[in-house]
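J.: My questions all concern the structure below.
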Amino acid sequence: MSSSRRSFFCSAAVFGTGLLGWSESLPEQARAMTSRHEREQSKHNATTSSGPPVRMITPDAGDLAFEMDGATKVFHLVAEPLKRKIVPWKTLDVWGYNGSCPGPTIQVTQGDRVRIIFENRLPESTSLHWHGLEVPIEQDGVPWISQKPTAPGEKFVYEFTVHQEGTFFYHAHSAMQEMMGLIGFFVAHPREEFSPRVDHDYGIVLQEWAVLPSNTVPNTASMEFNWLTFNGVAAPLTTPLIAKLGSRVRLRFVNLGMDHHPLHLHGNQFVITGTEGGRAPQSTWYPTNTVLVGVAQARVVEFDAKHPGDWMIHCHLPHHMMNSMMDLLRDRQISTADLTEESAMRQMQSLAASAKFEHVHPSPVAKDANATPGFPQDAFMEMGMDELVQKPETHGLPKNWSAGMMGMMTMVRVLPPEKYDEIMKMKGAVEPQKQEHHHES
Ligand SMILES: [Cu+2]
């Protein structure tokens, strides 16, 4: 390891202090390479000693902290109703874990003994299923088959050894509860990182919601969905994924909904390196830029971030690239079909004001737009709200970037070192509060 990398490790180590046991597996920032030379060097070294893998980052959800009891990692997981702001003008009443929907990510190392002390604060019975993990039947979390359901106010202790590596998830094993949001990542890292090693590891949970206008409670019986989220938020509220130019990036997706999602990355080829069954043999990797993530599946992709830019990653189903406008239109929605440009624009301005956007930047339309059959399509739907969704990860994006971001959409920002470091520095200032949110005392 070069001395420049070592010093970068030290300065980045502060981000990892909220999580016990990760002292040697520093966060993704710490692994970022400074040059192509180092990148190549790392690939070469990987065959001999690759070291522990980087921690997966779950933007907008975070991690579940743990404590050690002897050699056992102990987690406290609480199922509970909560409010989740999915876009600035829409907050849902969902069910989740430890104040988060999806629940916080559980990260362990292959071979770990884990104990999950589960508490049910829901108004009805539930259980926890470990999706994809090979656990003894009494740990499988299926009501009445492998255990008695955990009643409201009760606890249930799960304990097992994780002999697999890979991308798994935990969820309630009742269909309606799943659609209320009861899901979270369970990631089992190998002891040594795979080759080629990655510098950034990001996880995204795909969910969908059916919510009537002016309602906040998802209709779990619906077969049609109007809100699509990455880690519990729809664009432009999704937090961009930050990667340093020249690094290698891993993205993990899990899907627990009613639809399959073809996830597409702009401007980069990737390879599919894993499924819900763990690492895929390298002989199966092929270049692509879209991966279909079916219901109950996990897909892991990797790519070398060698093209600088703000690259979109999104579900390519057209209706999954949208947000429902019905709440903004409310009772006025009926009259939108034959609006003139001026009145439509006025309407959007007044609606945006009512939703407390700080700014609205509509895209221009033609003078005689109404003469064209089919108009409007996207006109008046695109609303820039950069200031409202601003965070360190959006720093430096072009003005009005948020107008093009809706639904299951985020971006991978491949940044030159100085811009990358600038954002990491800004993040460092807000990170401690963020982590505290997921600590269960
Ligand atoms: Cu989709």
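J.: Any residue at all in segment 174-191 that's outside any strand (DSSP E or B), free of Cβ contacts under 8 Å to residues at least 60 places away in the same chain, open to solvent by 50 Å² or more (accessible area, probe 1.4 Å) and not β-branched (Val, Ile, Thr)? Break it down stepwise before answering.
T.: Here is the first cut: in segment 174-191, the ones outside any strand (DSSP E or B) are 174-182, 190-191.
Then drop every residue that is not free of Cβ contacts under 8 Å to residues at least 60 places away in the same chain, which leaves 174-176.
Next, only the ones that are open to solvent by 50 Å² or more (accessible area, probe 1.4 Å) stay: 175-176.
Applying the additional criterion that residues be not β-branched (Val, Ile, Thr) yields 175-176.
Taking every residue of segment 174-191 in turn, at least one turns out to be outside any strand (DSSP E or B), free of Cβ contacts under 8 Å to residues at least 60 places away in the same chain, open to solvent by 50 Å² or more (accessible area, probe 1.4 Å) and not β-branched (Val, Ile, Thr).
J.: Considering Leu256, Leu245, Leu265, Leu237, which residue is within 16 Å of the ligand (Cβ to nearest atom), buried (at least 18 other Cβ atoms within 10 Å of the Cβ) and at pLDDT 95 or above? Explain how you work it out, then say what you get.
T.: On the way: Leu256 fails: at pLDDT 95 or above; Leu245 fails: within 16 Å of the ligand (Cβ to nearest atom); Leu237 fails: within 16 Å of the ligand (Cβ to nearest atom).
That would be Leu265, the only listed residue that is within 16 Å of the ligand (Cβ to nearest atom), buried (at least 18 other Cβ atoms within 10 Å of the Cβ) and at pLDDT 95 or above.
J.: If Trp227 passes every condition in (1) within 20 Å of Pro104 (Cα to Cα); (2) open to solvent by less than 10 Å² (accessible area, probe 1.4 Å) but one, which one does it miss?
T.: Of (1) within 20 Å of Pro104 (Cα to Cα); (2) open to solvent by less than 10 Å² (accessible area, probe 1.4 Å), only one is false for Trp227: (1).
J.: Does at least one position in segment 409-418 carry a residue that is within 16 Å of the ligand (Cβ to nearest atom) and at pLDDT 85 or above? Steps first, please.
T.: Within segment 409-418, the subset within 16 Å of the ligand (Cβ to nearest atom) is 409-410.
With the extra rule that they be at pLDDT 85 or above, the set shrinks to 409-410.
Looking for residues that are within 16 Å of the ligand (Cβ to nearest atom) and at pLDDT 85 or above, one finds at least one in segment 409-418, hence yes.
J.: Return yes or no: is Thr126 of a type in the set (Val, Ile, Thr), open to solvent by less than 10 Å² (accessible area, probe 1.4 Å) and in contact with a helix residue (DSSP H, G or I) (Cβ under 9 Å, 6 or more places away or on another chain)?
T.: Working: of a type in the set (Val, Ile, Thr): yes; open to solvent by less than 10 Å² (accessible area, probe 1.4 Å): yes; in contact with a helix residue (DSSP H, G or I) (Cβ under 9 Å, 6 or more places away or on another chain): yes.
When the stated conditions are applied, Thr126 passes them.
J.: Moving to a separate point now. Name the one entry in Ala353, Ala366, Ala379 that is more than 30 Å from Ile57 (Cβ to Cβ) and at pLDDT 85 or above.
T.: Details: Ala353 fails: at pLDDT 85 or above; Ala379 fails: at pLDDT 85 or above.
That would be Ala366, the only listed residue that is more than 30 Å from Ile57 (Cβ to Cβ) and at pLDDT 85 or above.
J.: Restricting attention to segment 277-292, and to residues there that are open to solvent by 60 Å² or more (accessible area, probe 1.4 Å) and in a loop (DSSP other than H, G, I, E, B), which single residue is farthest from the ligand (Cβ to nearest atom)?
T.: Looking at the filtered set, the residue picked out is Pro281.
J.: Turning to a different aspect of this structure: Based on this model, can you work out whether Val300 counts as within 19 Å of the chain's Cα centre (by Cα), surrounded by 13 or more Cβ atoms within 10 Å (Cβ to Cβ), closer than 22 Å to Asn231 by Cβ and away from the ligand (no atom under 11 Å from the Cβ)? If you could, list the steps in order and put the result at the bottom.
T.: Details: within 19 Å of the chain's Cα centre (by Cα): yes; surrounded by 13 or more Cβ atoms within 10 Å (Cβ to Cβ): yes; closer than 22 Å to Asn231 by Cβ: yes; away from the ligand (no atom under 11 Å from the Cβ): yes.
Yes.
The values are calculated or read from the model by the stated rules, or taken from the named source; none is laboratory data. Everything quoted here is computed from the prediction, not taken from an experiment. Here Cβ is always computed from backbone atoms with ideal geometry, including for glycine, and neighbour counts include all displayed protein chains. Just the protein is used for accessible areas: all its heavy atoms, side chains included, with ligands, DNA and RNA removed. Shrake-Rupley method; radii C 1.70, N 1.55, O 1.52, S 1.80 Å.
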